[in-house]
Amino acid sequence: MLDVYYTIDTEFWSSRPYTSPEDYESDFDRDIHGKTARGSFGLDFQLKRFAENGLKAVCFTETLHSLLLGIKPLQRITDIIKTYGHDTQLHCHTEWLQQPCPWQENDFPAPLQGRSGQHIRHFSEGSQAAIIAVGVEALQTCGVPPIWAFRAGNYGADNVTLRACSFNGIIYDSSYNYPYLKAACRIETPQPLLSPQQIEGIWEIPIPFFDTFRGPRHVQVAAASNSELEAAMMHAYKSNWKTFVIVSHSFELIHRDKKEELGEYNGIQVRRFERLCEFLKQNSDKFRTRTFTELANDENGEASLSDDPANYESHAMSSISTIGRLIEHARQRWAW
């Protein structure tokens, strides 16, 4: 049985500088609810479909927006997740620390005053620990149970980030993304990471990738066709992997322009998501969706992660599957 962690980076972005803490509403509707002229295909849609299919999701929930906007938007997000019975874990985009906040004199806690950076790894170890602590506190204020897992915004973590997580009692990280190494992600390991490994005192649960004739590609709903997703999962199952992480976003299923208040319906991504749900449901004898809260509370949790890295090899995707995805995405762009 392969443990699948379907992770949703749950976040919204400002389409313009906010002049009041209520200005976020249209961005929230677009990026969290996935609102389009044809209906809403955001967080609620994904979580409801997962629940209907007996599947579980992990929502890596962005928290630093609460420093500007207060706790209300974050509470709304965590309430949605709770409604459908899924898992809330921590996600931080430090770009929020660069947002002007004209309605407050002191925008941020003292350790973060005057600091900014696109990725959390741009901050000192003390500041990274403070950022993570702020995020944990915000989620706990919203009534979220203990936080066990973290993912850096943009996958922009380094080994210092992992120590900062450990300092805050977080025991899992899922920021390692091989195609992003030497760019946003700077988590250093002796070999490319495919299996869970203990690094800097916590478990790193890597995002898997597969090899194509165009280079490596990480496993994300918007970045891989159904045939690629299914082939990568079957490869992991047959190779006796312990974990398989899938990336999604709250706005994954819409075409999104941050300058527009509404997104556009993305039929290709919606159909891809629906087919993925059906695949996981039909193959429940091979795959089980899990949460990091379940893993943390499992007496055999470490045993379900420990393995010989030599057993793990990336999947060489067939050219036919990759070409099919390229054609699919070309049609998608043509439609817009």
Would you check which residues across segment 10-28 are in contact with a Lys or Arg (Cβ under 7 Å, 6 or more places away or on another chain) and closer than 20 Å to Ala222 by Cα and list them? Trp13
Residue pairs qualifying under the 7 Å Cβ cut-off, at least six apart or on distinct chains, with the first in segment 9-26 being closer than 22 Å to Gln46 by Cβ and part of a loop (DSSP other than H, G, I, E, B) and the second being among the β-branched types (Val, Ile, Thr) and at pLDDT 90 or above, are Phe12/Ile32
Quick one: count up the residues across segment 234-265 that are among the hydroxyl-bearing types (Ser, Thr, Tyr) and either under 20 Å from Asp44 (Cβ atoms) or out of contact with any strand residue (DSSP E or B) (no Cβ under 6 Å at 6 or more places or on another chain) (or both). 4
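Results for (1) assigned to a helix (DSSP H, G or I); (2) at pLDDT 95 or above; (3) in contact with a Phe, Trp or Tyr (Cβ under 7 Å, 6 or more places away or on another chain), shown as yes or no for each residue.
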position	(1), (2), (3)
Phe45	yes, yes, no
Ala51	yes, yes, yes
Phe60	no, yes, no
Leu68	yes, no, yes
Arg76	yes, yes, no
Ile80	yes, yes, no
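Listed here are the residues, each with its yes/no results for (1) aliphatic (A, V, I, L, M); (2) in a helix (DSSP H, G or I); (3) at pLDDT 95 or above.
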position	(1), (2), (3)
Phe251	no, no, yes
Glu261	no, no, no
Val270	yes, yes, yes
Phe273	no, yes, yes
Ser306	no, no, no
Looking only at segment 115-136, which residues are among the hydrophobic types (A, V, I, L, M, F, W, C) and under 23 Å from Thr78 (Cα atoms)? Ile120, Ala129, Ala130, Ile131, Ile132, Ala133, Val134, Val136
When segment 266-295 is checked residue by residue, the ones that are out of contact with any strand residue (DSSP E or B) (no Cβ under 6 Å at 6 or more places or on another chain), β-branched (Val, Ile, Thr) and over 12 Å from Arg49 (Cβ atoms) are Ile268
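The values are calculated or read from the model by the stated rules, or taken from the named source; none is laboratory data. It should be emphasised that the depicted structure is a prediction, and the values quoted were computed from it without experimental measurement. FYI the Cβ positions are ideal-geometry reconstructions off the backbone, even for glycines, and counts take in every protein chain you see.
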